[in-house]
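Let me begin by presenting the structure, written as structure tokens, before commenting on it.
Values quoted throughout were computed directly from the atomic coordinates according to the rules given, and no laboratory measurement underlies them. Because the structure is predicted, anything quoted here is derived from the model rather than measured. A quick note on method: Cβ atoms are made from the backbone with ideal geometry, for glycine too, and the neighbour counts reach across all protein chains shown.
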Amino acid sequence: MPSLPQERRRTEHRNPASRGLDRLPTKAILRLMNQEDRKVAISVGREIPSIARAVDAIVSGIRKGGRLIYVGAGTSGRLAVLDAAECPPTFGISPNTVQAMIAGGKKALTSAVEGAEDSARNAVRDLRAKKLSRNDVVVGIAASGTTPYVLSALAFARKRGAKTVAITSNRNAAITRDAQIVIAAEVGPEIVTGSTRLKAGTSQKLVLNMLSTAAMVRLGHVYDNLMIDVALTNEKLRQRGLRILAEASGADPSAAEHALRRSGHNLRAALVMLKNGLDAKAARARLSLAKGNLRLALGE
């Protein structure tokens, strides 16, 4: 597969602002990094229309039983794995709903796996293993937009009828060929030439935050601005859940704790109990009737 000429690959350009970087004192290096980082959120902001289209596609796919599947290599893959791993405890969803594929597999999470990102064949193998469906949304992440593992995954996903999304820092790169939605936050050259773990990586993290968070809000896993489906798996999270319930219901902590205990530590049921004056059985029945729609169950 031909590579993108370097003159078009902005992630490989030298940054005029960081010339002489190795001669700068510590504070000057940090100020320069901070100045460059300020550009990232602005660049991501320009992509909100495309990000919104991707979120709507993810919501639609998951409602039909599909999954959100991230694909990346190196830093991009590690950021993808991080975002996918955070979704179940934050939003109470199945680990199958948001998944991540990283070139080189688990070993690549902590060290470089030489040549993994160049394997187009492995990307197809890894997606085949997931039994891709038309309701899935595959998000390829590559700062350069030329990573063979990611390009191959998107091409395979599109042939299978899945929705395809690209996250890149190079709008005219090869990654756009098989992406139906392109999110290209062009953050410009890095202060260390080619080190896309910097601004490009930051932009990817921001976009992934937006995709998963906005999708989960739209899917009803957030009540108001509260993590109503947070997994209560340790003492810290149990206390957080209690605070969330008290905030959401307006009840005092002791009443919230009592309702939470009676509900079997189900925050949704406990909230319906407190706000609608129901017992646990009736609250669960109302949630079932509302098909999990918390606002509907609460009559809001």
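Descriptive notes on the structure:
- Unit charges at the beta carbon, dipole of the chain: most positive-side option, 164, 29, 43: 164
- Note on the range 247-294: dipole from Cβ charges, positive end direction compared against 269, 285, 249; the farthest Cα belongs to 285.
- Evaluated with a Cβ-only charge set (Lys, Arg +1; Asp, Glu -1), the range 235-297 carries a dipole of roughly 280 debye about its Cα centre, given to the nearest 20.
- Sum of side-chain charges, residue 80 neighbourhood, beta-carbon under 12 Å (Lys, Arg +1; Asp, Glu -1): 0
- The range 91-164: C-alpha gyration tensor shape, a/c 1.5 cut-off, then a/b vs b/c: oblate
- Charge tally in the Cβ shell below 12 Å around residue 50, where Lys, Arg are +1 and Asp, Glu are -1, residue 50 excluded: +1
- Look at the Cα gyration tensor of the range 235-297: its axes a ≥ b ≥ c give a/c of at least 1.5 with a/b over b/c, and that counts as prolate.
- Among 108, 142, 290: highest mean-square fluctuation, GNM of the chain, C-alpha pairs under 10 Å: 290
- Shape of the range 28-126, Cα gyration tensor, a/c cut at 1.5: oblate
- Partner aspartates and glutamates for residue 64 [C-alpha distance under 20 Å; skip if fewer than 8 residues away on the same chain]: 56, 136
- Kirkwood Rh, angstrom, the chain [1 / mean 1/r, Cα pairs]: 20.9
- Its DSSP H runs of at least 4 residues, each contributing -39,500 (n - 2.57), put the calculated 222 nm mean residue ellipticity of the chain at -15500 deg cm²/dmol, to the nearest 500.
- Note on the chain: GNM, Cα springs under 10 Å; of 77, 61, 161, the largest mean-square fluctuation is that of 161.
- Greater than 24 Å apart at Cα, pairs in 27/107; 163/199; 39/205; 205/291; 39/106: 27/107; 163/199; 205/291; 39/106
- Compactness of the range 189-300 is given as radius of gyration and Dmax, 18.5, 62 Å, from Cα positions.
- Debye, to nearest 20: dipole size of the range 1-82, +1 on Lys, Arg Cβ, -1 on Asp, Glu Cβ: 80
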